[in-house]
Amino acid sequence: MNNDLQRLHDVWLSSRAFHNTDFPKISFDDITNSIVSTGPFYYYVIDFYDMSLSNVSEAIAEIHGLDPKTVTFNDVLNTIHPDDVEFVANAEAFITTFFREKIARDKLLSYKMSYSFRSRMKDGKYVLLNHQALLLTLDENGRSGKSLNIHTRIDHLSKFNTHRISLIGLNGEPSFMDMSLGKSIDDLPAFSIREIEIIRLIAQGMNNNEIAEVLFIAVLTVKKHRMNILMKSNCKNTAELISKSVIQGLI
């Protein structure tokens, strides 16, 4: 195992559960049926207790040429482009630190992690994949138990890895989008629930007046939100904002 892949294992080992944890009360079928994808994708559940995989979708064979019945986590990791392994290791370390320092333990299951990397396809070519992960279980000490990982081909949307990370809040939690690894955790702007609502309504093609009517707020308030959203997301215009939001799994 190369040094960067070993770093990945070390990150996960430092925060893994000390024992097996059960799936949440919501059924696994309900979880996978809620996945919204922008391209071909596969998923699996990783158990950080022993790094075993379960519930591997058949699509992994079509995308990577891996047997869903025998595939291991190292098989998946070995598809990552060698030049992107260091970023993935740094991204996972960043997320671990962010969760530990910024997110309350009882909120950890309400976040979806998202970043992209190049990955080797069945035909040997490397294309850009979006990685989304949703923690399913924790142990009593808040350590990672099981996680649903979803990998989606997005090379039809972008050819370049932005080396950015997003944490999408679920169940009413704020979101942290397009984060740079070089920034201090304390300087990262949070997107409010209202701002996320507005981004999704913009993506539906609504103008300011229509958004104001749907949300029962003033048009001027919508304009202020849109200005703040562009500033926080470091986007020049709405088209760039929507593109980023699609790639990062927000919409």
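The values are calculated or read from the model by the stated rules, or taken from the named source; none is laboratory data. Remember, it's a predicted structure, so these values are computed and weren't measured experimentally. Note that each Cβ is placed from the backbone with ideal geometry, even for glycine, and that neighbours are counted across all protein chains shown.
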*Assess whether Ser119 counts as being touching a residue at least 60 places away in the same chain (Cβ under 8 Å) and within 27 Å of Asp178 (Cα to Cα).*
no
_Looking only at segment 132-180, and only at residues there that are part of a loop (DSSP other than H, G, I, E, B) and under 20 Å from Asp10 (Cα atoms), the one that is modelled with the highest pLDDT_ = Thr137
*Sort out which residues of segment 213-231 are of a type outside the set (Val, Ile, Thr) and buried (at least 18 other Cβ atoms within 10 Å of the Cβ), and write them in order of number.*
His225, Arg226
*What are the residues in segment 128-163 that are within 22 Å of Phe48 (Cβ to Cβ) and among the acidic types (Asp, Glu), if any?*
Asp139, Glu140
*Taking segment 64-82 only, how many residues are more than 20 Å from the chain's Cα centre (by Cα), buried (at least 16 other Cβ atoms within 10 Å of the Cβ) and of a type in the set (S, T, N, Q)?*
0
*Would you mention how many residues in segment 196-251 are within 23 Å of Ser158 (Cα to Cα) and either hydrophobic (A, V, I, L, M, F, W, C) or assigned to a loop (DSSP other than H, G, I, E, B) (or both)?*
23
*Output the strands (runs of 3 or more DSSP E) that fall wholly within segment 29-123 and possess 1 or more residues being farther than 16 Å from Ser166 by Cβ and of a type in the set (A, V, I, L, M), or say none.*
41-47, 52-54
*Residue in segment 146-169 that is farther than 30 Å from Ala59 by Cα, out of contact with any Gly (no Cβ under 6 Å at 6 or more places or on another chain) and surrounded by fewer than 18 Cβ atoms within 10 Å (Cβ to Cβ) present*: no
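In contact with a helix residue (DSSP H, G or I) (Cβ under 8 Å, 6 or more places away or on another chain), closer than 24 Å to Lys102 by Cα, polar (S, T, N, Q) and outside the structural domain of Thr72 (by TED's automatic domain parsing): which single residue out of Ser233, Ser175 fits that description? Explain how you work it out, then say what you get.
Details: Ser175 fails: outside the structural domain of Thr72 (by TED's automatic domain parsing).
None of the other options fit; the residue is Ser233.
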*Run Val85 past the list (1) in contact with an Asp or Glu (Cβ under 8 Å, 6 or more places away or on another chain); (2) modelled with pLDDT under 95; (3) loosely packed, with under 14 Cβ neighbours inside 10 Å and report the number of the one that doesn't hold.*
(3)
*Only listed residue being surrounded by fewer than 13 Cβ atoms within 10 Å (Cβ to Cβ), modelled with pLDDT under 85 and of a type outside the set (A, V, I, L, M), chosen from Lys236, Lys183*: Lys183
*Out of Leu201, Leu181, Leu138, report the one residue that is touching a helix residue (DSSP H, G or I) at 6+ places or on another chain (Cβ under 7 Å) and outside the structural domain of Glu86 (by TED's automatic domain parsing).*
Leu201
